[in-house]
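A.B. asks: The structure follows.
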Amino acid sequence: MVETVLILGASGKIGAHCAKAFSEAGWQVREYDRTSGDMTAAAAGVDVIVNGLNPPNYHNWAKLIPEITSQVIAAAKSSGATVIIPGNVYNFGTAPGPWSQNTPQLATTRKGRIRVEMEKAYRKAGVRTIILRAGNFVDPTHSDDVMRMVYLRTIAKGHITSPGDPDALQSFCYLPDWARAAVGLAGIRAQLNQFEDVPFAGHTFTTNDLRAELEQALQRKIKLVGFPWLVFKLASPVWELAREVTEMRYLWSVSHQMDGTKLASLLPKFRPTDRATVMRAGLPADINPDQAMPGQTAALLS
């Protein structure tokens, strides 16, 4: 029998990739966005709910995250569906990695504490829940991911931006891979505990690792530059996004990685996209050697 998944936030990064991955795996896909009306009604008869809803630009998390959480819990209770949530690393604060499902969640920021409370709400509600926890999202199909908006924001000028310590390990999650892992976990949900916290290892590398990879790919030197944190700090009183991003600045200098042991045991056949492809995913098409015609890249960079 064909199973059904309800994708919340189907037009967003998580939602779009999950809709594609579940469809390719033979699931019936329903899509829900903020204009779709009653979530519980939309969830009637579904087997899995993927919660890809997230307030844009960190807007008013303290109010909106609990509201979304309550709606999803109600929809899951009504339908009996398993909820899959993209967990993040804000929960861990400044504790050094590797981070696993057993790492104490000692959030040091307001947004981190909101996420900790969100996950506690799912656990307390008793709905079947899978937290698929990952680091920085890398999205090959959207321009608003961390690779394009932060690291490669001025790559056309031959620069790579370091938002923190360029030698600090950072965890990266290639979203098509996350979506495939979500499909895999959905397929074995009956074998899992009522509440599962599953770290997604993805790939781990430093800003200097990224620079070395792109220098090799583009056959040119790339200059390391800093992120304009002072501008963000000065704008924080009147610019919500600047204020919210500045709060998480510490993460860029906390060396960490996700422990992939649990996911590997649950999905032993799962293989992530190779690291080089992930590192190059944010390059503009006109200078991406994976998309350019032979001989074109050198001419573009000359």
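A.B. asks: When the scattering of the chain is computed by the Debye formula from its Cα atoms alone, each counted once and equally, what is log10 I(q)/I(0) at q = 0.06, 0.10 Å⁻¹?
C.D. replies: Each listed q maps to, in turn, -0.20, -0.57.
A.B. asks: Also, I was wondering about something else. Just the number, please: carbon plus sulfur as a percent of the accessible area of the chain, 1.4 Å probe, no ligands or DNA/RNA counted.
C.D. replies: Reported share for carbon and sulfur atoms: 53 percent.
A.B. asks: Could you identify which residue out of Phe137, Phe227, Phe92 has the top mean-square fluctuation in a GNM of the chain using Cα springs shorter than 10 Å?
C.D. replies: Ranking Phe137, Phe227, Phe92 by mean-square fluctuation puts Phe227 first.
A.B. asks: Under the definition of Cα pairs under 8 Å and six or more residues apart, what whole-number percent is the relative contact order of the chain?
C.D. replies: Relative contact order for the chain comes out at 19 percent.
A.B. asks: Kindly report the accessible area of the chain per residue (heavy atoms of protein chains, probe 1.4 Å, no ligands, DNA or RNA), in Å².
C.D. replies: Dividing the accessible area of the chain by its residue count gives 46 Å².
A.B. asks: Under the rule of -39500 (n - 2.57) per DSSP H run of 4 or more residues, summed and divided by the residues of the chain, what mean residue ellipticity at 222 nm is obtained, to the nearest 500 deg cm²/dmol?
C.D. replies: Only helices count here, giving -10500 deg cm²/dmol.
A.B. asks: Whole-Hz ³J(HN,Hα) for each residue in segment 11-24, computed from phi via Karplus 6.51 cos²θ - 1.76 cosθ + 1.60 with θ = phi - 60°, x for glycine and proline: what do you get?
C.D. replies: Going residue by residue, I get 8, x, 5, 4, x, 5, 5, 5, 4, 5, 5, 5, 4, 5 Hz, with x marking Gly and Pro.
A.B. asks: Using DSSP, restrict attention to beta bridges with both residues in the chain and report what percent are antiparallel, rounded to the nearest 5.
C.D. replies: Taking every DSSP beta bridge within the chain, about 10 percent pair in antiparallel fashion.
A.B. asks: If the reach is capped at under 30 angstrom between alpha carbons, list the lysines near Lys63, excluding any in the same chain fewer than eight residues apart.
C.D. replies: In chain and number order, the partners are Lys13, Lys77, Lys111, Lys120, Lys124, Lys233.
A.B. asks: Could you tell me the center-to-center distance, by alpha carbons, between segment 95-124 and segment 203-264 in angstrom?
C.D. replies: Segment 95-124 and segment 203-264 have Cα centres separated by 21 Å.
A.B. asks: Could you tell me, in Å, what Rg and Dmax come out for the Cα atoms of segment 69-156?
C.D. replies: Final numbers for Rg and Dmax: 15.8, 50 Å.
A.B. asks: Excluding same-chain residues fewer than 8 positions from Lys269, which lysines have a Cα within less than 21 Å of its Cα?
C.D. replies: Lys20
A.B. asks: Another question about this same structure. Considering the convex hull of the alpha carbon atoms of segment 153-234, report its projected area averaged over all viewing directions, in nm², one decimal.
C.D. replies: 8.1
The values are calculated or read from the model by the stated rules, or taken from the named source; none is laboratory data. Keep in mind the model is a prediction, meaning the values are calculated, not measured. Side chains included, ligands, DNA and RNA excluded: accessible areas come from the protein's heavy atoms. Shrake-Rupley method; radii C 1.70, N 1.55, O 1.52, S 1.80 Å.
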